[in-house]
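The values are calculated or read from the model by the stated rules, or taken from the named source; none is laboratory data. Since the structure is predicted, the reported quantities are computational estimates derived from the model, not experimental observations. Positions of Cβ are backbone-derived with ideal geometry, glycine not excepted, and every protein chain shown enters the neighbour counts.
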């Protein structure tokens, strides 16, 4: 089983995908594959960001509760 990419690794790959999509000499088939991969990466990054935000919010709430 492959190791899950970190957020930073996915962002780096997404930047490469965007760079390749900007090239003029790219085939339609490759463009579609890259676009699909970009959508997948974007969705995974959004999920990881949401999870991180939820975790931070819980920690802040827990800290606020312990101060009372």
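Descriptive notes on the structure:
- Figure legend. Inter-residue proximity from the stretch 43-60: first residues closer than 19 Å to residue 14 by Cα, second residues at pLDDT 95 or above and surrounded by 11 or more Cβ atoms within 10 Å (Cβ to Cβ), beta-carbon distance below 6 Å, spacing 6+ or different chains. Indicated pairs: 44/10; 45/10; 48/7.
- First in the stretch 5-34 and over 25 Å from residue 48 (Cβ atoms), second anywhere and assigned to a helix (DSSP H, G or I) and at pLDDT 95 or above, Cβ under 7 Å, 6 or more apart: 26/20; 31/21
- Residue among 3, 50, 44 that alone is loosely packed, with under 13 Cβ neighbours inside 10 Å, under 17 Å from the mean Cα position of the chain (by Cα) and at pLDDT 95 or above: 50
- Among residues of the stretch 9-29 being in a helix (DSSP H, G or I) and in contact with a helix residue (DSSP H, G or I) (Cβ under 8 Å, 6 or more places away or on another chain), the one that is surrounded by the most Cβ atoms within 10 Å (Cβ to Cβ) is 17.
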